[in-house]
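The values are calculated or read from the model by the stated rules, or taken from the named source; none is laboratory data. Since the model is a prediction, treat every value here as computed from it, not as a measurement. Here the Cβ positions follow ideal geometry from the backbone for every residue, glycine too, while neighbour counts run over all protein chains shown. Surface areas here come from the heavy atoms of the whole protein model, side chains and all, with no ligands, DNA or RNA. Shrake-Rupley method; radii C 1.70, N 1.55, O 1.52, S 1.80 Å.
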Amino acid sequence: VQLQACGGGLVQPGESLRLSCRPSGRFFRIKSMAWYRQAPGRQRESVAPIVRDGRFTVSLEYAEDIGYLQMNNLQPDDTAVYYCSANITYVTNEGFYSAPFWGQGTQVTVSS
């Protein structure tokens, strides 16, 4: 199973961007998903505080097996590589298992 995050790019301050994340391979379903980011020279951090502030919104479309991170009013401090992490139930010849997976990250750059 691989997790693919995409949708990053270069935007100007104040603009919005929506990232998406979906698994591929032999998986059964996504149980949960979270988003993180890592700015240059800083540790990876959860975006949960920004979600609580209301500027970012996360959603998970279970029927479509895809998750989204909607980011509004982006600022230069939001420049980072954004990662998704999901707890996924996947299929093997021995049966069903659940494990956390990480996507490879997508770059978001906010600059005028």
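Read through the list (1) assigned to a strand (DSSP E or B); (2) of a type in the set (Val, Ile, Thr); (3) without any contact (Cβ under 8 Å) to a residue 24 or more places away in the chain, then give the number of the only condition that VAL51 fails.
(1)
Test ALA99 against the stated conditions and say whether it is within 26 Å of SER111 (Cβ to Cβ) and among the small types (Gly, Ala, Ser). Quick ask: steps written out before the conclusion?
Numbers: within 26 Å of SER111 (Cβ to Cβ): no; among the small types (Gly, Ala, Ser): yes.
No: the conditions fail for ALA99.
Could you tell me which of the residues ALA34, ALA39 is open to solvent by less than 30 Å² (accessible area, probe 1.4 Å) and at pLDDT 95 or above?
Unique residue meeting the criteria: ALA39.
One line per residue, one yes/no per condition, for (1) open to solvent by less than 50 Å² (accessible area, probe 1.4 Å); (2) touching a residue at least 12 places away in the same chain (Cβ under 8 Å); (3) touching a His at 6+ places or on another chain (Cβ under 6 Å):
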site	(1), (2), (3)
GLN75	no, yes, no
TYR90	no, yes, no
GLY95	yes, no, no
PHE101	yes, yes, no
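Out of GLY54, GLY25, GLY14, report the one residue that is surrounded by fewer than 12 Cβ atoms within 10 Å (Cβ to Cβ) and at pLDDT 95 or above.
Values: GLY54 fails: at pLDDT 95 or above; GLY25 fails: at pLDDT 95 or above.
It is GLY14.
Within region 59-76, restricting attention to residues that are among the small types (Gly, Ala, Ser) and touching a Phe, Trp or Tyr at 6+ places or on another chain (Cβ under 9 Å), which residue is farthest from SER24 (Cα to Cα)? Reasoning before the result, please.
Filtering region 59-76 for residues among the small types (Gly, Ala, Ser) gives 59, 63, 67.
Filter once more, keeping what is touching a Phe, Trp or Tyr at 6+ places or on another chain (Cβ under 9 Å): 59, 67.
Numbers: SER59: 18, GLY67: 13 Å.
For region 59-76, the residue satisfying everything is SER59.
The rows are residues; the columns are (1) within 13 Å of LEU19 (Cβ to Cβ); (2) in contact with a Ser or Thr (Cβ under 7 Å, 6 or more places away or on another chain).
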{"position": "TRP35", "(1), (2)": "yes, no"}
{"position": "GLU45", "(1), (2)": "no, no"}
{"position": "PRO49", "(1), (2)": "no, no"}
{"position": "ARG52", "(1), (2)": "no, no"}
{"position": "LEU69", "(1), (2)": "yes, no"}
{"position": "ASN87", "(1), (2)": "no, yes"}
{"position": "GLY105", "(1), (2)": "yes, no"}
{"position": "VAL108", "(1), (2)": "yes, yes"}
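Please enumerate the residues belonging to region 8-42 that are in a strand (DSSP E or B), over 10 Å from the mean Cα position of the chain (by Cα) and either of a type outside the set (A, V, I, L, M) or within 30 Å of ASN93 (Cα to Cα) (or both).
Residues satisfying the conditions are GLY9, PRO23, SER24, PHE27, PHE28, ARG29, ILE30, LYS31, SER32, GLN38.
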